1. List, please: which pairs have Cβ atoms under 6 Å, are six or more places apart or on different chains, and start with a residue in the range 95-106 that is touching a residue at least 12 places away in the same chain (Cβ under 8 Å) and end with one that is surrounded by fewer than 19 Cβ atoms within 10 Å (Cβ to Cβ) and of a type in the set (Ser, Thr, Tyr)?
2. Being in contact with a strand residue (DSSP E or B) (Cβ under 8 Å, 6 or more places away or on another chain), at pLDDT below 80, more than 14 Å from ILE8 (Cβ to Cβ) and of a type outside the set (Phe, Trp, Tyr), is that true of even one residue in the range 54-67?
3. When you go through (1) under 18 Å from ALA113 (Cα atoms); (2) at pLDDT below 90; (3) hydrophobic (A, V, I, L, M, F, W, C); (4) surrounded by 15 or more Cβ atoms within 10 Å (Cβ to Cβ) one by one for LEU28, which number turns out not to apply?
4. Any residue in the range 37-59 that is among the small types (Gly, Ala, Ser) sitting within a Cβ distance under 9 Å of a residue that is part of a loop (DSSP other than H, G, I, E, B)? List the pairs, counting only those 6 or more apart or interchain.
5. Quick check, is ILE99 under 20 Å from PHE128 (Cα atoms), at pLDDT 90 or above and touching a strand residue (DSSP E or B) at 6+ places or on another chain (Cβ under 9 Å)?
6. Answer yes or no: is there a residue in the range 33-44 that is modelled with pLDDT of 90 or more, outside any strand (DSSP E or B) and farther than 15 Å from THR106 by Cβ.
7. I need a count of the residues in the range 7-22 that are assigned to a loop (DSSP other than H, G, I, E, B) and surrounded by 12 or more Cβ atoms within 10 Å (Cβ to Cβ).
Amino acid sequence: MAGITGAISCSSYTEGNIYVFFFEDNPLNYPLDDTLLGPPISFDMINDTSETYGMPCLPDYCGFVVGVWDADSSGFEGDSTGQGGGPNEGDYLGICGTIDEPDTITIGIGGTADIDFEINTPFDDSLFGGE
């Protein structure tokens, strides 16, 4: 087992929760209401960009790190696993790499640190579905 940690930057950030998810598949390849993606392998919530996120106890895995700033404080209305909720208009997205070319993160034995990325893309339904 290993884990990942990192920092988030967001030039528009004022206040509110930031959610960081680790998915096996790139969630941008699925429509928002598609259940084929499944729940994230892990997730964390931080309250400010000055905080570091962390997801300990992950299996050796490859996947995608995605962040969402709940800028409008509307919440995600998902369940305790992060399944069923999602961003909405007013929120911001980010993914390790870029929205167009996300990086696949490999979790190795001993963990992976400094998976830093930006959350600067305003939410838009058209980002999802692999279009």
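The values are calculated or read from the model by the stated rules, or taken from the named source; none is laboratory data. In this text, all values refer to a predicted model and were calculated from it rather than measured experimentally. Every residue, glycine among them, receives a Cβ derived from its backbone with ideal geometry; neighbour counts consider all protein chains shown.
1. Filtered contacts from the range 95-106: ILE99/THR121.
2. So far as the range 54-67 goes, yes, one or more of its residues are in contact with a strand residue (DSSP E or B) (Cβ under 8 Å, 6 or more places away or on another chain), at pLDDT below 80, more than 14 Å from ILE8 (Cβ to Cβ) and of a type outside the set (Phe, Trp, Tyr).
3. Tallying (1) under 18 Å from ALA113 (Cα atoms); (2) at pLDDT below 90; (3) hydrophobic (A, V, I, L, M, F, W, C); (4) surrounded by 15 or more Cβ atoms within 10 Å (Cβ to Cβ), LEU28 fails exactly one: (1).
4. GLY38/GLU24; GLY38/ASP25; GLY38/GLN83; SER42/GLY82
5. No; evaluated as a whole, the condition is false for this residue.
6. Looking through the range 33-44, none of the residues is modelled with pLDDT of 90 or more, outside any strand (DSSP E or B) and farther than 15 Å from THR106 by Cβ.
7. Narrowing the range 7-22 to residues assigned to a loop (DSSP other than H, G, I, E, B): 10-17.
Remaining after also requiring surrounded by 12 or more Cβ atoms within 10 Å (Cβ to Cβ): 10, 13, 16-17.
The number of residues fulfilling the criteria is 4.
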